[in-house]
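The values are calculated or read from the model by the stated rules, or taken from the named source; none is laboratory data. Everything numeric here is computed off the predicted structure, so don't read it as measured data. When we count neighbours, we look across all protein chains shown, and the Cβ atoms used for this are built from the backbone with ideal geometry, even at glycine. For accessibility, only protein heavy atoms count, side chains too; no ligands or nucleic acids. Shrake-Rupley method; radii C 1.70, N 1.55, O 1.52, S 1.80 Å.
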Amino acid sequence: MYNFDSPVMIVYGILTGLIFGFLLHKAGVTRYQTILGQFLFKDYTVLKVMLTAIVTGAIGIWGMRSMGMDFPMHIKAATLVPNIVGGLIFGVGMALLGFCPGTGVAAIGDGSRHAIAGLLGMFVGGLIYAYVYPSIMNGFLKSGDLSVDVAGKMTDKITFADVSHLSPWWFIAGLVVISAVVFGLIEKLTGKNPPTTPA
Amino acid sequence: MNPLTRQRWNPYLVGIGIGILSWITFGVMHKALGTSTTIAATPGAIIGIVAPEHVQNNSYWAKYLNAEKNEFYFDWQFFLVISLPIGAYIGMKLSGEKFKESVPALWAWRFGPSKTIRYAAAFLGGVILLIGARMAGGCTSGHGISGGLQLAVSSWAFFFAMFGSGVVTAFALFGLKGRSHV
């Protein structure tokens, strides 16, 4: 009934999870106070971690591709209505629970017991979605579909570079500038020692 | 001081670390960091123990079955997800931090110290969270970080929607006064 990925991929998965969980803990984003602190604009740790990860990741991934390394991208379909409506629903759940799926699972490991109730809820959410999915898969989930021609093929798995026909590096440069401005404002707003204290 | 035993690292440094981790997952493992797919597939895997055909006939779970054997597949992401809490636990133990939380201080200030109410709210939050994630096609890791760094249009749409909605919900729940309790 069940089968497993290759041993190498299993080891890769475990290593990635251990490092990711360790890093999330070190930033304090496995804590309810940190997540709610961000939504209430008191503690900017979440934004700092996410934006820095995105910028660092983008430079490396697009850099490796520019140097000719070949590996698959994992771009999700631009069906803007479900992307945005799903995001709005997600935000409500994240503020209520105080975690997102990844930080919520990690939070169980470093002592947040209410995160266990959250994970059980997530399973039920997944269950409900599996039964709703067949009735929305061809209508709602395809609405706002943004397909463009990428290398002669129409696809909705698109980047801003695909849409604009500009080099991705323009957008990465934009991200660097925007992040620098945002971080500058945050540091000015919160002083030299932002409140990243453990709860 | 040994960085492994420090309770907190600079968030910018952690962000760089997660970014570098994504280079390795993309370039070496051919995978993108993500978690919510596994969480959504887990109930299907459990139901599949008693009713495999029921799961195979559901068009959502069918997406996560091994193409050849039509069976559930414990993949890279599954092992990532079950290792996440262990990684966080190791981080806490190495730094000697002791932390146990059933009802967060902010929550208790607004809704009282009842564990039952907090657990019910956390449960409901989890339900809403996963429905939103699967509808959008990912969560904070799969869309937010992995999608964001790929410059994916879908992911940036998700990112702004979820952040805006999270802010509105948080202020609706706790108000401006809540800011002094986090």
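Given the residues A:57, A:118, A:87, which is the only one that is within 7 Å of chain B (Cβ to nearest Cβ), in a helix (DSSP H, G or I) and closer than 15 Å to residue B:138 by Cα?
Exactly one of A:57, A:118, A:87 is within 7 Å of chain B (Cβ to nearest Cβ), in a helix (DSSP H, G or I) and closer than 15 Å to residue B:138 by Cα, namely A:87.
Which condition number in (1) within 22 Å of the chain's Cα centre (by Cα); (2) at the interface with chain B (Cβ under 7 Å from one of its Cβ atoms); (3) charged (D, E, K, R) is the one that residue A:142 fails?
(2) is the only condition that residue A:142 fails.
For residue B:159, all conditions in the list (1) surrounded by fewer than 24 Cβ atoms within 10 Å (Cβ to Cβ); (2) free of Cβ contacts under 8 Å to residues at least 12 places away in the same chain hold save one; what is the number of the exception?
Looking at each condition in turn, residue B:159 falls short on (2).
Give all pairs with beta carbons closer than 7 Å in which a residue from the range A:1-19 that is within 7 Å of another protein chain (Cβ to nearest Cβ) and assigned to a helix (DSSP H, G or I) meets a residue that is open to solvent by 70 Å² or more (accessible area, probe 1.4 Å) and among the aromatic types (Phe, Trp, Tyr); count only pairs at least 6 apart in sequence or on separate chains.
Correct list of pairs: A:10/A:4.
Using the structure shown, decide if residue A:74 is of a type outside the set (Phe, Trp, Tyr), within 7 Å of another protein chain (Cβ to nearest Cβ), touching an Asp or Glu at 6+ places or on another chain (Cβ under 7 Å) and crowded, with 19+ Cβ neighbours inside 10 Å.
Against the criterion (of a type outside the set (Phe, Trp, Tyr), within 7 Å of another protein chain (Cβ to nearest Cβ), touching an Asp or Glu at 6+ places or on another chain (Cβ under 7 Å) and crowded, with 19+ Cβ neighbours inside 10 Å), residue A:74 does not qualify.
Among the listed residues B:147, B:175, which satisfies the condition of being in the same structural domain as residue B:108 (by TED's automatic domain parsing), open to solvent by less than 10 Å² (accessible area, probe 1.4 Å) and out of contact with any strand residue (DSSP E or B) (no Cβ under 6 Å at 6 or more places or on another chain)?
Criteria check complete, one pass: B:147.
Please go through the range B:34-52 and give me each residue that is surrounded by fewer than 20 Cβ atoms within 10 Å (Cβ to Cβ) and within 20 Å of residue A:13 (Cα to Cα), ordered by number.
B:42
In the range B:134-166, which residues are outside any helix (DSSP H, G or I) and either under 15 Å from the mean Cα position of the chain (by Cα) or not aliphatic (A, V, I, L, M) (or both)?
Result: B:137, B:138, B:139, B:150.
List the number of the failed condition for residue B:31; all other conditions in (1) among the basic types (Lys, Arg); (2) open to solvent by 40 Å² or more (accessible area, probe 1.4 Å); (3) at the interface with another protein chain (Cβ under 7 Å from one of its Cβ atoms) hold.
Against the list (1) among the basic types (Lys, Arg); (2) open to solvent by 40 Å² or more (accessible area, probe 1.4 Å); (3) at the interface with another protein chain (Cβ under 7 Å from one of its Cβ atoms), residue B:31 comes up short only on (3).
Does the range A:153-165 hold any residues that are open to solvent by 70 Å² or more (accessible area, probe 1.4 Å) and more than 8 Å from chain B (Cβ to nearest Cβ), and which are they?
A:153, A:154, A:165
Among the residues of the range B:72-109, write down those that are among the charged types (D, E, K, R) and in a helix (DSSP H, G or I).
Once the filter is applied, which keeps residues that are among the charged types (D, E, K, R) and in a helix (DSSP H, G or I), the range B:72-109 yields only B:93.
How many residues, within the range B:44-98, are at the interface with another protein chain (Cβ under 8 Å from one of its Cβ atoms), of a type in the set (A, V, I, L, M) and over 28 Å from residue A:112 (Cβ atoms)?
Final tally of qualifying residues: 1.
Quick one: in the range A:48-71, of everything that is open to solvent by less than 30 Å² (accessible area, probe 1.4 Å) and in contact (Cβ under 8 Å) with a residue 60 or more places away in the chain, which residue is nearest to residue A:155 (Cα to Cα)?
Only one residue fits best here, namely A:62.
Residue A:134 - would you say it is crowded, with 21+ Cβ neighbours inside 10 Å and not hydroxyl-bearing (Ser, Thr, Tyr)?
Spelling it out, it is not the case that residue A:134 is crowded, with 21+ Cβ neighbours inside 10 Å and not hydroxyl-bearing (Ser, Thr, Tyr).
Just to check your reading of the model, which residue among A:93, A:37 is out of contact with any strand residue (DSSP E or B) (no Cβ under 9 Å at 6 or more places or on another chain), under 24 Å from residue B:37 (Cβ atoms), assigned to a helix (DSSP H, G or I) and at the interface with chain B (Cβ under 7 Å from one of its Cβ atoms)?
A:93
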